[in-house]
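Okay, so here's the structure we're looking at.
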Amino acid sequence: MDLGLQSRVALVAASSQGIGLATAEALAAEGCRIAMCARNQSSLTAAADKIKKRYNAEVLAEICDVTDAAAVEHFVAAVAGRFGGVDICVTNAGGPPAKGFLSTTPDDWRRAIEANFLSAVHFARQVIPHMQRKRWGRIITITSLTTKQPVADLVLSNAVRTAVVGLVKSLANEFGKDGILVNNVGPGFTATERLRELAKSRSVASGKTEQEIFDGWAADAPLKRLGEPREIADAIVWLASERASYVTGQTLLVDGGMYKGL
């Protein structure tokens, strides 16, 4: 199936590992030119080299702190300078720490808002003009199952990521006339470093082993297993493609059926 992504310019934030890396790989496999950023130079370089070699892809990789508006502006300008614009923007950032409400601090809230909400604002502000000029664009935010179903000990994520859904809907409404589609992907419990951190936190609080925590999450999903980063990436690729040309303003959960609502 031709997804219509050959030679499209795809920017993927926080793409040195986990879901971000899997997304950059999946888009490269479809023929996209890839722009990657992360905060750690060595892991970013290794990830970029892997994609170049495996997919013979054009890759631009630069250090960028997604919470810094000026840094995001510089990165997007570098991408446009190298590739002539930005067609697809996948916003992504590491999740806030696992905490209950009374354990959080004002600094925790500030950092969560900067990383998980304002980063999406910064990228949207920079890429939308490029997409308007082409009258074609895809903005896809990576958030969480928590936007639909709050998760215990993740009050920061539960609250802040829900704001991204409001942003997505607003951008979809405002820029649909320009051919720009804006959607959100909400992963469920996915085998990443982030999930290992949550399992460690739950283990300390409950007295269970980390493996017992993982097994409990898997048992709670109808598919009886955790998700893999590549499965989230496949959903993102579809939303970025011509095959999703009438889908905008939506939140697509990729959670193995974990969400219990209708």
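Since every read-out is calculated from the coordinates, none of them should be taken as a lab result. All values derive from a computational prediction rather than experimental measurement. Note: ideal-geometry Cβ built from the backbone for every residue, glycine included; neighbour counts use all protein chains shown.
Highest mobility in the GNM of the chain, judged by mean-square fluctuation with C-alpha springs under 10 Å and restricted to I63, I88, I140, is found for I63. Using a cut-off of 13 Å between beta-carbons, work out the net charge of the residues near Q6 (Lys and Arg +1, Asp and Glu -1, Q6 not included). Surrounding charge for Q6 is -3. When cysteine pairs in the chain are screened for C-beta atoms closer than 4.7 angstrom, the residues that find no partner are C32, C89. Only the Cβ atoms of Lys and Arg (+1) and of Asp and Glu (-1) were treated as charged; on that basis the dipole of the chain about its Cα centre amounts to roughly 280 debye.
Take the alpha carbon atoms of the range 187-253, find their center, do the same for the range 74-127, and report the distance between the two centers in whole angstrom. If we compute the Cα centre of each part, the gap is 20 Å.
The Cβ shell under 13 Å around L27 holds other residues with a net charge of 0, Lys and Arg each +1, Asp and Glu each -1. With both labels modelled 7 Å from their Cα along Cα-to-Cβ, the A219 to A70 distance reads 5.3 nm.
In this structure the amide hydrogen of A35, modeled in the peptide plane, comes within under 5 Å of the amide hydrogens of A10, L11, V12, L60, none closer than 5 places in sequence on its chain. Annotated for the range 125-262: lysine pairs at least 8 residues apart or interchain, Cα distance under 14 Å, count 4. Among H130, H122, H74, a tally of other beta-carbon atoms within 10 Å of each Cβ gives an order, fewest to most, of H74, H130, H122. Around the amide H of K99, modelled in the peptide plane, lie the amide H atoms of L154, V155, L156, all under 5 Å away and 5 or more residues distant in sequence or on another chain.
Taking amide H as placed 1.01 Å from N in the peptide plane, Q250 has its amide H under 5 Å from the amide H of N184, each at least 5 places away in sequence or on another chain.
Sorting T192, T45, T248 from the fewest to the most surrounding beta carbons within 10 angstrom yields T45, T248, T192. Highest mobility in the GNM of the chain, judged by mean-square fluctuation with C-alpha springs under 10 Å and restricted to Q17, Q211, Q41, is found for Q211.
Among F175, F123, rank each residue by its count of other Cβ atoms within 10 Å, from fewest to most, as a rough exposure measure. Please report the intermediate quantities before stating the final value.
On the way: F175 19, F123 27.
Ranking F175, F123 by Cβ neighbours within 10 Å, fewest first, gives F175, F123.
Each Cα pair under 8 Å and six or more residues apart adds its separation to the average, and for the range 1-108 the resulting relative contact order is 29 percent. Charging the Cβ of each Asp and Glu at -1 and of each Lys and Arg at +1, and nothing else, the dipole of the range 83-183 about its Cα centre rounds to 340 debye.
Computed per residue of the chain from DSSP H runs no shorter than four, each worth -39500 (n - 2.57), the mean residue ellipticity at 222 nm is -15000 deg cm²/dmol.
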